Structure formats: C-alpha cells, structure tokens
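The values are calculated or read from the model by the stated rules, or taken from the named source; none is laboratory data. Given the structure is predicted, the values throughout are model-derived calculations rather than measurements. Positions of Cβ are backbone-derived with ideal geometry, glycine not excepted, and every protein chain shown enters the neighbour counts. Remember, those area values only see protein heavy atoms, side chains included, never the ligands or the DNA or RNA. Shrake-Rupley method; radii C 1.70, N 1.55, O 1.52, S 1.80 Å.
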Amino acid sequence: MAVKNKKHRMPEQDQKKRIRNFEEVALGYDERTAIEEAKRCLQCANKPCVGGCPVSIDIPAFVKLIKERDFDSAIRKIREKSNLPAVCGRVCPYERQCEGVCTLGKTGEPLGIGHLERFVSDYERGRGFEIPKISKPTGKQIAVIGSGPAGLTCAGDLAKMGHKVTIFEALHESGGVLTYGIPDFRLPNEILRSEINYIKSLGVRIEFDMVVGKTITFEELKKDFEAVFIGTGAGLPRWLRVPGENLNNIYSSNEFLTRVNLMKAYKFPEYDTPIKVGKKVVTIGAGNVSIDCARTALRLGAKESVIAYRRTEKEAPARIEEIKHANEEGVKFRFLTQPVSFIGNKDGEVKKMECIKMRLGEPDKTGRRRPVPIKNSNFFLSVDTVIIAIGEMPNPLLAKATKGLKTSEQGTIVVDENQMTSIPGVFAGGDITTGAATVILAMGAGKKAAEAIDRYVRK
Ligand code: FAD
Ligand code: SF4
C-alpha cells in the first residue's frame, strides 16, 4: 500500500511499561505528523465524513486549517459544533462514524480524523482556551440533570445562547461515565477536567451531590426553571442472573470501574477505597466497558485477565482500537463462551465459573448473529475475580419519582423528534433515552435538545 493510502500511526506508550501504570496509552501526533496526515484529505465536495459525524463537524474545513498550520482557526471550527473535542478525539468510535464513510477508505485507510481532532484539541489546551461569543442574556433559567456528555453539551450550548444554566449532579464529580467509567489510561482525568472548566467558563454552574428525585424533587426544580433537560444516563448494571452470582469478588463493571476511577482505589491506601483483584480475572462481555475492566485488572496486578464473550470478535461491540490495545497488553479472549453458574469456596469467594460453549445462529434484530448454546458442552474455568460487563440499563429513580414522565418497556425516557418528553418543557437525551450508547450520540442529543429548549423558552 502506498504511504498516502496509510494513516499515520499514533505513537503509544511501550506495551510492557504501560500495564504497570494508569497513564495514557496513546500519545498523540506531533505537529509535523498532524500536518502530513491532514495533507491526505481529498477535500471531497460531497463531504461524506460530515454526514458520518453525529454533531456534523465540518471535517474537511478543520483538516484544511491544520494543513495550513492555522491551529487556532481549526479548533474554532471544531468548537462551532463540539464542546468536548479532547474527549471525542480520544474515545469516539470514529471507525464506525466519520472515518467509516471517508472516501480514502475505499482504496486504502481512511483519514485519521479522530487523531487530528485530538491533536488540535491538545494544542488548544496547551495554548489556553478562548471563550466564544456569548449571546445577550435572555434571563431564562434552565436546569440540566446529570453532567455526562449529554448534560454538559446541552448546558454549554444553552449558555452560549445567553441562558442561565445550572447542572444538578448526583455525584461529587462531574463528567458522568467519562469520569467514573472510562479509565485514565484512555481519557486522563486532567484532560476531562479542562474540558469541563471550559464549559463552566461559559457561565454554567454545577451543583454536586444533588440526586434529583431524592435530594431535591423534580417538582421543586420545575418551579424555579423554565425548562429542564434530563441526561441521567444508563448507570444501572445488568446481571447474568445465574446461580452463584452473589459470591464475593464478583463485581459489576460499574462498581469495579467506579472504585478504581472515581474513588482512586488503585492509589489505596493514599485514597481510602480498596479494591481486591485476584490472580485470575475473568470479565464477561466484549464491549468498551469489558475491555476497560480487563485492561484495568492487569494494571491492578492480575496475572491473567480473560474476556469471555458469547459471540465472536466480529460481533464484539468494542472499538477496534480497544481490542487491539487489549491484545497487545496480554488480555486473553475466550469467544463463544457463556457462564452458566459460579462456584465458591467455604468463605463465599468465587473460585470457579461453569461455562457452556456457544455457536452462531441466525442474525437477531441488531443484525448480529445470535449465540446458540451447544448442548452438553459445559466446562469449568478457575477464577479469583469476576467482572460482569454485559451492559447497563437506565436508572429508574428519576422516572419513578416524576409523575407523567413516559418511559419505554426498557426503562428509557420517551422523547419526540425535538427531544421533548411527555411533560411540556422537559427534555431528555443521551443514554437515558437510547439505552447505553456512545459519547458522541449523547452529545448529539444534548445539542439537539439545546436548540429545542432555546426555541421553547423564547416562545
Ligand atoms: P452519563 O455519562 O451516564 O452521565 C449521566 C450523569 O447523570 C452521571 O454523572 C450521573 O451521576 C448523573 N445522574 C444520574 N441520575 C441522576 C439524578 N437522579 N440526579 C442527578 N444526577 C444524576 N462511548 C464511546 O463513545 N466511546 C467509548 O470508548 C466508550 N467507553 C465506555 C466505557 C465505559 C466503561 C462505559 C461505562 C461507557 C463507555 N462509553 C463509551 C459509553 C458512553 O460513555 C456513554 O454512552 C455516555 O457517557 C452517555 O452519556 P450521558 O450523558 O447520557 O450519561
Ligand atoms: Fe477528507 Fe475523508 Fe472527508 Fe473526503 S471523506 S473530505 S477525504 S475526511
């Protein structure tokens, strides 16, 4: 393949060293590499990449500006559409979005759009943030519930439109899954903090330790604010519901990652939340969450970290780059494997996992081939720690505590084409309306809701 047909590689931390620390694995392009990569862009007139981006960033325009070494204008172009470019440049599944439809991909490798977005956002952080033009104050007060990517995006956009925005966050830190879910080695906390500081600098206020539906009722909120946006995410763990799942040392991915990322268990006893990780760790599932758990377990000292998944690598929902990194770090994959029970010792600690082998059947409604159990194929794996990472569901607390809020059978909040819920003036977006999805989709929904809220309160 000619050099022009290949994406410039992203430098990374050495494989052996990185499994001993929580520092970022991908190190970012330098200026020369970014410019060389930008030169590969064909500046297609029909811009398929823009259509592939859920927030419609003008990709060819910012790439051209990088090529011209005008990084200030490049980041301004991105910020017209995105409040979290340093996050997206690190965790977006670009291979399935903008890069997935890039014209260059037809004959070689697509343009490194994600790597370029990251480069220019890192440049911005080094240089210092520029506050954009904020519209004249409207005097309208808007409440946002939850400070994940959906809430932050909605809040940032509304603040730029001149509204007064207050975010109510249940935890003592903002960022949602970006803070308590995605580990530092993929998205360093200091980078996320600077993105959040940018949003605060637009005038957004954040109130912490406010569980709406408990600490403060929804009705109380509605009295003080002209519109409300709900971005409470999907933080309720899904369980396998098999015998032995309540044994000690079996964690939900949510608890495992929150202890490590938010409570800094990897710095115990400097931080006071411990985490127990045995020699042999098995994580169930093959999404981004499972890969994060398996790679975290290695960094916490596991001798063996295995991912058990009931389908094959082809159906795995995780980003390709994450699977590649996990393989390089020594995570082992056991495909077509489904746990059916867990067996413990006399102290109630998990020691064995009984599994059944699977085969692939007909495609299901997601288009992926359905896993079918193979009769009498049961076998045992020895384990010291198990992490269940088979998906998350919306937290039902807020919907239950709010009269008249329509939800689906899956517990997601039902919204119309403007992200408005069944209650006038109450909007919602992100994982709480779609079920567990992606950062950029949550941001896209937050953006759409901000535009609809602006129209609603000005009416
Ligand atoms: P969340 O990020 O879940 O934020 C919701 C916020 O609402 C939280 O801060 C929560 O504390 C708060 N909240 C909840 N209830 C209340 C209440 N009653 N009152 C006040 N506040 C409340 N996506 C990608 O695109 N790429 C990835 O690589 C990727 N990796 C992931 C790795 C992990 C481990 C996980 C768990 C998810 C990953 N995702 C990834 C998915 C992505 O992070 C989510 O789709 C996204 O964060 C959803 O955003 P959100 O704003 O809807 O919700
Ligand atoms: Fe450039 Fe690819 Fe977009 Fe074409 S599709 S403008 S090559 S990024």
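Numbers below:
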quantity: Shape call, segment 86-182: gyration tensor on alpha carbons, a/c limit 1.5; calculated: prolate
quantity: Listed residues Leu171, Gly126, Asn83: farthest to the positive end of the dipole of segment 78-175 (Cβ charges); calculated: Asn83
quantity: Loop trypsin sites (Lys or Arg not before Pro), segment 295-358 (other Cβ atoms within 10 Å of the site Cβ: 15 or fewer; DSSP); calculated: Lys303, Lys346
quantity: Within straight-line cross-link reach of Lys280, lysines at Cα separation under 24 Å, skipping those fewer than 8 residues along the same chain; calculated: Lys16, Lys17, Lys264, Lys267, Lys303, Lys324, Lys332, Lys346, Lys351, Lys352, Lys357
quantity: Rg and Dmax of the chain, Cα atoms only, in Å; calculated: 22.6, 70
quantity: Overall dimensions of segment 330-459 as given by Cα atoms, namely Rg and Dmax in Å; calculated: 21.3, 66
quantity: Per residue accessible area of the chain, 1.4 Å probe, in Å²; calculated: 45 Å²
quantity: Stokes-Einstein D (µm²/s) once Rh is taken as the Kirkwood radius of segment 183-305 over alpha-carbon pairs, at 37 °C in 0.692 mPa s; calculated: 188 µm²/s
quantity: Dipole of segment 187-271 [Lys/Arg +1, Asp/Glu -1 at C-beta], most positive-end residue of Pro243, Val204, Met263; calculated: Pro243
quantity: Within segment 114-267: Cβ-based charge dipole about Cα centre, in debye rounded to nearest 20 (Lys, Arg +1; Asp, Glu -1); calculated: 160 debye
quantity: For the chain, calculated [θ]222 nm from helices alone, where every DSSP H run of n ≥ 4 adds -39500 (n - 2.57); calculated: -9000 deg cm²/dmol
quantity: 5 Å binning of all Cα-Cα separations within segment 131-170, expressed as whole percents from 0 upward; calculated: 6, 27, 32, 20, 13, 2, 0
quantity: Karplus-derived HN-Hα couplings along segment 4-15 (A = 6.51, B = -1.76, C = 1.60, θ = phi - 60°), whole Hz, x at Gly and Pro; calculated: 4, 7, 10, 5, 5, 6, 8, x, 9, 4, 3, 4
quantity: Other-chain or far-sequence residues with amide H under 5 Å of Thr407's (modelled H); calculated: Val414
quantity: With every protein chain in place, segment 368-412: carbon and sulfur % of accessible area (1.4 Å); calculated: 51 percent
quantity: Descending Cα extents along the principal axes, segment 120-236, whole Å; calculated: 43, 39, 17
quantity: Charge sum, other residues only, whose C-beta stays under 13 Å from Glu220's C-beta, Lys/Arg counted +1 and Asp/Glu -1; calculated: 0
quantity: Whole-Hz couplings from phi, Karplus 6.51/-1.76/1.60, listed for segment 122-127; x for Gly and Pro; calculated: 5, 4, 4, 5, x, 7
quantity: Cα centre as origin, Lys/Arg/Asp/Glu Cβ charges: the chain dipole, Debye; calculated: 920 debye
quantity: Dipole in debye (nearest 20) - segment 313-361, about Cα centre, beta carbon charges: Lys, Arg +1; Asp, Glu -1; calculated: 300 debye
